[in-house]
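One structure is given here, and the rest of the page talks about it.
The values are calculated or read from the model by the stated rules, or taken from the named source; none is laboratory data. No experiment lies behind these values; they were computed from the predicted model shown. For neighbour counting, all protein chains shown are included, and Cβ atoms are generated from backbone atoms with ideal geometry for every residue, glycine included. The protein model used for the area step is the full one, side chains on, heavy atoms only, and it has no ligands, DNA or RNA in it. Shrake-Rupley method; radii C 1.70, N 1.55, O 1.52, S 1.80 Å.
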Amino acid sequence: RELAVRGALVNVRFQVLARLAELLGAPRLVAEGRRPLTPWIGVMGVRAALAEDPGVFAEVAAHPSTARELHRTFRELREASDASLDRVARSTPRAADVVRLYRRFRELTAEYFDEFDLLQSAAEHFRADSAVAKEAGALILYLPRTLSAAAEELFGAAGEQRAHAIFGLTGDGDVDAE
């Protein structure tokens, strides 16, 4: 209501970042023949990688929580560079197997797309200044906590003319520093 006092807002859409990335990025990925990587397909991909060579997970490979927890770990590793993954793999035998299984999981699920792929595809629209990006208009990031590297890439691609952020401060320097 306060905004309406200053002037009318027309054709404003409020969406979470994941939905925006889906709307902008999914059509291109689907056109490439890729499909969404659902949680179920992801866990099945982990199980397939474990079945081929479980490594240090041999004793627990068949336990349902092993595949679920590895899948959760793989989502966290998704934005790691190859060099970072190599460093992790060199740290311990268990880490080496996690990275090896992750890389095999990525091979097995290559025909699917995830949130990271959606954000990258959406960012490509902004870099190319496509009609889809123009229709999206300005992006306003409201009270952000942390952003993934892919989300940062999307806002970077949108540029200063299209990307804006609204930050909230508490007045407590220690809290606001976070």
Review point. Quick one: is ARG104 closer than 30 Å to ALA67 by Cα and open to solvent by 60 Å² or more (accessible area, probe 1.4 Å)?
Key: yes
Practice item. Read through the list (1) open to solvent by 60 Å² or more (accessible area, probe 1.4 Å); (2) within 21 Å of GLU22 (Cβ to Cβ); (3) not polar (S, T, N, Q), then give the number of the only condition that LEU118 fails. Key: (1)
Exercise for review: State which residue is most open to solvent (accessible area, probe 1.4 Å) when the search covers only segment 121-172 and only residues that are assigned to a strand (DSSP E or B) and not aliphatic (A, V, I, L, M).
Suggested key: TYR142
Check your understanding: Condition test on ALA177, is it of a type in the set (A, V, I, L, M), at pLDDT below 80 and open to solvent by 40 Å² or more (accessible area, probe 1.4 Å)?
Key -> yes
Revision key, fill the gap. When segment 87-107 is checked residue by residue, the ones that are assigned to a helix (DSSP H, G or I) and over 26 Å from ILE41 (Cα atoms) are ARG87, PRO93
Point to revise | Tabulated pairs, segment 137-154, first under 12 Å from ALA123 (Cα atoms), second open to solvent by 60 Å² or more (accessible area, probe 1.4 Å) and in a loop (DSSP other than H, G, I, E, B), C-beta under 7 angstrom, 6+ apart or interchain | key: ALA149/GLU79; ALA150/GLU79
Review point. Hey, among ALA110, ALA177, ALA131, ALA158, which residue is at negative phi and touching a helix residue (DSSP H, G or I) at 6+ places or on another chain (Cβ under 6 Å)?
Key: ALA158
Revision key, fill the gap. Residue hits (segment 108-120; closer than 22 Å to ALA151 by Cα, assigned to a helix (DSSP H, G or I) and touching a residue at least 40 places away in the same chain (Cβ under 8 Å)) are GLU115, ASP117, LEU118, LEU119, GLN120
**Study point:** segment 75-102 residues that are hydroxyl-bearing (Ser, Thr, Tyr), paired with ones that are in a loop (DSSP other than H, G, I, E, B) and open to solvent by less than 70 Å² (accessible area, probe 1.4 Å) (beta carbon under 7 Å, 6 or more apart)
**Key:** none
Review point. Does segment 67-85 include one or more residues that are over 24 Å from PRO39 (Cα atoms), within 20 Å of the chain's Cα centre (by Cα) and open to solvent by less than 60 Å² (accessible area, probe 1.4 Å)?
Key: yes
Practice item. Within segment 1-50, work out how many residues are modelled with pLDDT under 95 and either in a strand (DSSP E or B) or surrounded by fewer than 10 Cβ atoms within 10 Å (Cβ to Cβ) (or both). Key: 14
